[in-house]
1. Please work out which residue is nearest to the chain's Cα centre (by Cα), limiting yourself to the range 56-74 and to residues that are more than 12 Å from residue 17 (Cβ to Cβ) and polar (S, T, N, Q).
2. What is the residue count in the range 19-58 for residues that are small (Gly, Ala, Ser) and exposed (fewer than 13 other Cβ atoms within 10 Å of the Cβ)?
3. For the range 1-56, which fully contained helices (runs of 4 or more DSSP H) count at least 3 residues that are touching a residue at least 40 places away in the same chain (Cβ under 8 Å)?
Amino acid sequence: MMKIMSVALRWPIIQTALKVAFVVGTILNVINQGHALLGESPIAWGQVVLNYLVPYCVSSYSAAKIEMREDTRS
């Protein structure tokens, strides 16, 4: 567990995961909270956070696993 965390916290992985989270999270927020964004209902802030957090975690986990696999091959 500590190995994957140390790899996932490398700056290139963080940068890429932030970009992915921004794009995917924004799309998810438009899909899931379109009415709220148009002012027709209140914004669910917990859902906003999760819509960005989940893609960040998936992206950083995937990148870290790939990098760890490549490290063991070399």
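1. Of the residues in the range 56-74, the ones more than 12 Å from residue 17 (Cβ to Cβ) are 65-74.
Okay, now just the ones that are also polar (S, T, N, Q), so 72, 74.
Details: 72: 25, 74: 28 Å.
Per the criteria, the residue is 72.
2. Residues of the range 19-58 small (Gly, Ala, Ser): 21, 25, 34, 36, 39, 41, 44, 46.
Add one more test, that the residue is exposed (fewer than 13 other Cβ atoms within 10 Å of the Cβ), and what stays is 34, 39, 41, 46.
Looking only at that region, the number is 4.
3. Working: elements: 2-8, 11-32, 34-37.
The helices (runs of 4 or more DSSP H) meeting that bar are 2-8, 11-32.
This table checks each residue for (1) within 16 Å of residue 5 (Cβ to Cβ); (2) among the aliphatic types (A, V, I, L, M).
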residue: 15; (1), (2): no, no
residue: 21; (1), (2): no, yes
residue: 38; (1), (2): no, yes
residue: 41; (1), (2): no, no
residue: 62; (1), (2): yes, no
residue: 67; (1), (2): yes, no
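Bear in mind these aren't lab numbers, they're just calculated from the coordinates by the rules spelled out. Please read these numbers as outputs of a predicted model, since none were measured by experiment. Quick reminder, even Gly has a Cβ in these numbers, built from the backbone with ideal geometry, and neighbours come from all protein chains shown.
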